[in-house]
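Trainee: Just passing along the structure, written as structure tokens.
The values are calculated or read from the model by the stated rules, or taken from the named source; none is laboratory data. What you see is a predicted model, and the numbers here were worked out from it, not measured in a lab. For neighbour counting, all protein chains shown are included, and Cβ atoms are generated from backbone atoms with ideal geometry for every residue, glycine included. Please note that ligands, DNA and RNA were not included when accessible areas were found on the heavy atoms of the full protein model with its side chains. Shrake-Rupley method; radii C 1.70, N 1.55, O 1.52, S 1.80 Å.
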Amino acid sequence: MRVLTFLYLWYSTPSGSSGGGFSHWNHTVLPHWTEAVNNRYEGIIGTSYSPEDGNLHSPYYPAGGPYSSDDPAKLKSQMLELQSAGVDVAVASWWGRPGVSSADSQGTQTDHIFPALLHACKGTSVKVAFLLEPYHNRNSSNIVDDVNYIMDRYSSDSSVYTLSDRVVFYVYDSYHIPYDEWRTAVMPKIGAMGYYYGLVLNPSDVTQLIEAKFDGGFTYFASERMSWASDSRNWPEMCDKLKTGGLDCDISVGFGYNDTKIRPWNSQNTVPRSSQYFRRQIDRALGASPTSISITSFNEWGEGTQWERCESMEGYSECQAFEAEMIANINTRIDD
């Protein structure tokens, strides 16, 4: 069984090769979608963190401090960290074509880092899949162009992860593009060149992914409170339905969830970080007989789901550093 983890490439510091300032470490506090909730956080929404003063957007502090994702040495050490933990695939966040697509909520794109990421995989067992992110105005037309761009630019690289000789794509918020358009306007053009996992939130997504000719479904969220599909009690039913429909079932597990520094209105979805929570998720995931297990996440520091190495620092949550060993134990249990 494959073990994957979600990797984010959107971090930068003033000392990075891009020559800019901080990105994501200084994340803006995000608004809620309703005015009434935003009014409760007036004066907080829209403010940004100040890494230069030691104030990061994360509840945890990264080992060695903030870093730039475009640093080749850092990328290499990250791939070695994944390999050491027995992770097979880094599902790396991709925010569209440079000069064409919009960026993420913090104005960051990541395509320019992929050549260095793929190079960093050389000499390791780690491969790279693409996490297609929902940039503004992504639609059934430009996602076809996105996949063609990726295929032209990266598909021949030996570090790209493939299944059935097709490049693997995880499509975050895949439901934002109507499923009928996936079936009639997207898959007929790019289905044969890629292997596509769509996001499952609800039971209806399973049926729709099957009808839209996806190759698999994934759950993503590390908090069991986020959706029907992230609730481990529903994993056996979900995997059974996906596999009956001929699709892979990828269950995402995690150590906890806390995004209240960037979404102060989202505390209801917080899950305290613990080895017990991760162990329970793994037990239930393996009990559902998934095709693969993905770990949310390697380094989404703003949502407190990361298992990248941290360090204890005043003003931040305690760093326990049990994650890599527990991830390595997944492969032992799979082999057993």
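Trainee: Specify which of the listed residues (Ala116, Ala92) is in contact with a Pro (Cβ under 6 Å, 6 or more places away or on another chain) and either among the acidic types (Asp, Glu) or modelled with pLDDT of 95 or more (or both). Break it down stepwise before answering.
Mentor: Values: Ala92 fails: in contact with a Pro (Cβ under 6 Å, 6 or more places away or on another chain).
Within the list Ala116, Ala92, the selection yields Ala116.
Trainee: Now, a different point. Condition test on Ser289, is it of a type in the set (Gly, Ala, Ser) and either more than 14 Å from the chain's Cα centre (by Cα) or in a helix (DSSP H, G or I) (or both)? Step through it out loud before you land on a result.
Mentor: Working: of a type in the set (Gly, Ala, Ser): yes; either more than 14 Å from the chain's Cα centre (by Cα) or in a helix (DSSP H, G or I) (or both): yes.
So Ser289 passes the test.
Trainee: On the basis of being in contact (Cβ under 8 Å) with a residue 12 or more places away in the chain, assigned to a strand (DSSP E or B) and either farther than 25 Å from Val206 by Cα or of a type outside the set (Ser, Thr, Tyr) (or both), does Cys239 make the cut?
Mentor: Numbers: in contact (Cβ under 8 Å) with a residue 12 or more places away in the chain: yes; assigned to a strand (DSSP E or B): no; either farther than 25 Å from Val206 by Cα or of a type outside the set (Ser, Thr, Tyr) (or both): yes.
Considered against the rule, which asks whether it is in contact (Cβ under 8 Å) with a residue 12 or more places away in the chain, assigned to a strand (DSSP E or B) and either farther than 25 Å from Val206 by Cα or of a type outside the set (Ser, Thr, Tyr) (or both), Cys239 comes out as no.
Trainee: Please specify each residue of the range 92-104 satisfying the condition of being surrounded by fewer than 20 Cβ atoms within 10 Å (Cβ to Cβ) and over 15 Å from the mean Cα position of the chain (by Cα). Can you show your working first?
Mentor: Filtering the range 92-104 for residues surrounded by fewer than 20 Cβ atoms within 10 Å (Cβ to Cβ) gives 97-100, 102-104.
Hits for the range 92-104 are Arg97, Pro98, Gly99, Val100, Ser102, Ala103.
Trainee: Which residue out of Ala328, Ala288 is touching a Cys at 6+ places or on another chain (Cβ under 6 Å) and open to solvent by less than 50 Å² (accessible area, probe 1.4 Å)? Spell out how you get there, then give the answer.
Mentor: Numbers: Ala328 fails: touching a Cys at 6+ places or on another chain (Cβ under 6 Å).
Answer to the selection: Ala288.
Trainee: Take Asp283 and decide whether it is free of Cβ contacts under 8 Å to residues at least 12 places away in the same chain and either part of a helix (DSSP H, G or I) or touching a helix residue (DSSP H, G or I) at 6+ places or on another chain (Cβ under 6 Å) (or both). So that I can check it myself, show each step before the final result.
Mentor: On the way: free of Cβ contacts under 8 Å to residues at least 12 places away in the same chain: yes; either part of a helix (DSSP H, G or I) or touching a helix residue (DSSP H, G or I) at 6+ places or on another chain (Cβ under 6 Å) (or both): yes.
For Asp283, the condition - free of Cβ contacts under 8 Å to residues at least 12 places away in the same chain and either part of a helix (DSSP H, G or I) or touching a helix residue (DSSP H, G or I) at 6+ places or on another chain (Cβ under 6 Å) (or both) - is met.
Trainee: Any residue at all in the range 305-322 that is touching a residue at least 60 places away in the same chain (Cβ under 8 Å), assigned to a helix (DSSP H, G or I) and surrounded by 14 or more Cβ atoms within 10 Å (Cβ to Cβ)?
Mentor: Quick first cut of the range 305-322, residues touching a residue at least 60 places away in the same chain (Cβ under 8 Å) only: 305-313, 315-317, 319.
The next check asks that each one be assigned to a helix (DSSP H, G or I); those that pass are none.
Scanning the range 305-322 turns up no residue that is touching a residue at least 60 places away in the same chain (Cβ under 8 Å), assigned to a helix (DSSP H, G or I) and surrounded by 14 or more Cβ atoms within 10 Å (Cβ to Cβ).
Trainee: In the range 52-70, how many are more than 13 Å from Gly315 (Cα to Cα), open to solvent by 10 Å² or more (accessible area, probe 1.4 Å) and either out of contact with any strand residue (DSSP E or B) (no Cβ under 6 Å at 6 or more places or on another chain) or of a type in the set (Lys, Arg) (or both)?
Mentor: Going through the range 52-70 one residue at a time, the tally reaches 5.
Trainee: Also, I was wondering about something else. Could you go through the range 62-80 and let me know if any residue there is part of a helix (DSSP H, G or I), touching a residue at least 60 places away in the same chain (Cβ under 8 Å), among the aliphatic types (A, V, I, L, M) and within 30 Å of Ile330 (Cβ to Cβ).
Mentor: No.
Trainee: While we're here: May I ask you to verify whether Tyr8 is out of contact with any His (no Cβ under 7 Å at 6 or more places or on another chain), of a type in the set (Phe, Trp, Tyr) and within 30 Å of Glu325 (Cβ to Cβ)?
Mentor: yes
Trainee: Of everything in the range 220-231, what is touching a Ser or Thr at 6+ places or on another chain (Cβ under 8 Å) and either free of Cβ contacts under 8 Å to residues at least 40 places away in the same chain or of a type in the set (A, V, I, L, M, F, W, C) (or both)? Give them in sequence order. Please lay out each step first, then the result.
Mentor: In the first step, residues of the range 220-231 are kept if they are touching a Ser or Thr at 6+ places or on another chain (Cβ under 8 Å); the result is 220-224, 227, 229-230.
Those that are touching a Ser or Thr at 6+ places or on another chain (Cβ under 8 Å) and either free of Cβ contacts under 8 Å to residues at least 40 places away in the same chain or of a type in the set (A, V, I, L, M, F, W, C) (or both): Phe221, Ala222, Ser227, Ala229, Ser230.
Trainee: Another one. So Trp10 clears everything in (1) within 30 Å of Ser125 (Cβ to Cβ); (2) assigned to a loop (DSSP other than H, G, I, E, B); (3) open to solvent by 40 Å² or more (accessible area, probe 1.4 Å) except one condition, right? Which one?
Mentor: (3)
This table checks each residue for (1) modelled with pLDDT of 95 or more; (2) more than 20 Å from Asn266 (Cβ to Cβ); (3) not acidic (Asp, Glu).
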| residue | (1), (2), (3) |
| --- | --- |
| Arg2 | no, yes, yes |
| Pro14 | no, yes, yes |
| Gly19 | no, yes, yes |
| His24 | yes, no, yes |
| Pro31 | yes, no, yes |
| Thr34 | yes, no, yes |
| Val37 | yes, no, yes |
| Gly43 | no, no, yes |
| Tyr61 | yes, yes, yes |
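Trainee: Keeping to the range 242-275, report how many residues are surrounded by fewer than 23 Cβ atoms within 10 Å (Cβ to Cβ), in contact (Cβ under 8 Å) with a residue 24 or more places away in the chain and closer than 25 Å to Lys213 by Cα.
Mentor: Number satisfying all stated conditions: 4.
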